[in-house]
Amino acid sequence: MIKTKWLTQGNDLSDAYQIREEVFVKEQNVPMELEKDELDPIAQHIVVYENNIPLATGRLVIQDGQYLLGRIAVLKEHRGKGLGDLVVRMLVRRAFDLGAKEVHLHAQTKVQKFYEKLGFTAYGDVYHEANIEHINMVKREDVKGDCCS
């Protein structure tokens, strides 16, 4: 059975960290010191579980009036089951419910099309973050698309 859990300030983030370490550190060779940052304690995290096993995660950071999604990860053996879609939709919905007019993310270019299907639009130039190509993307509240309306 699939269930989701929101983790906010003061919650134990070990389930989110476990997924992120597997995906970003072990699979994508992101240094551990870059994977965890000062935004984790102030972010709202979502974790998706199946039979109480954490499979997917992501976070929403609200900083200086900007709503930023990040650290979206699904364990490799559970990709293609809609879990990443679920995480992004829930994060976007939470941001709009909290008053966002637009939601931003730094997408790895290899998954840019995934975010485009959820109503995000790329802007700016491609850049490197942790030696991985990224592009900035935005979803505006007035552009409902099929994501989160």
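Please treat every number below as a calculation from the coordinates, not as lab data. All of these numbers come straight from a predicted model, not from anything done at the bench. Note that each Cβ is placed from the backbone with ideal geometry, even for glycine, and that neighbours are counted across all protein chains shown.
How long is the gain from ASN11 to ASP97 if the chain were fully straight, where each residue apart is worth 0.36 nm and the alpha carbon distance is subtracted? Before the final figure, lay out the partial values.
Details: separation 86, 0.36 × 86 = 30.96 nm, distance 2.11 nm.
Gain on stretching ASN11 to ASP97: 28.8 nm.
Could you identify which residue out of ASP125, ASP85, ASP97 has the top mean-square fluctuation in a GNM of the chain using Cα springs shorter than 10 Å?
Judging by the Gaussian network model, the answer is ASP125.
Convex hull over the Cα atoms of the stretch 2-102, averaged projected area in nm²?
6.5 nm²
Rounded to the nearest 20 Debye, what is the dipole magnitude of the chain about its Cα centre when Lys and Arg each give +1 and Asp and Glu each give -1 at the C-beta?
The dipole of the chain has a size of about 580 debye.
Can you flag which of LYS110/LYS139; LYS3/LYS36; LYS3/LYS26; LYS5/LYS110; LYS36/LYS139; LYS76/LYS110 are past 20 Å Cα-Cα?
Pairs exceeding 20 Å: LYS3/LYS36; LYS3/LYS26; LYS5/LYS110; LYS36/LYS139.
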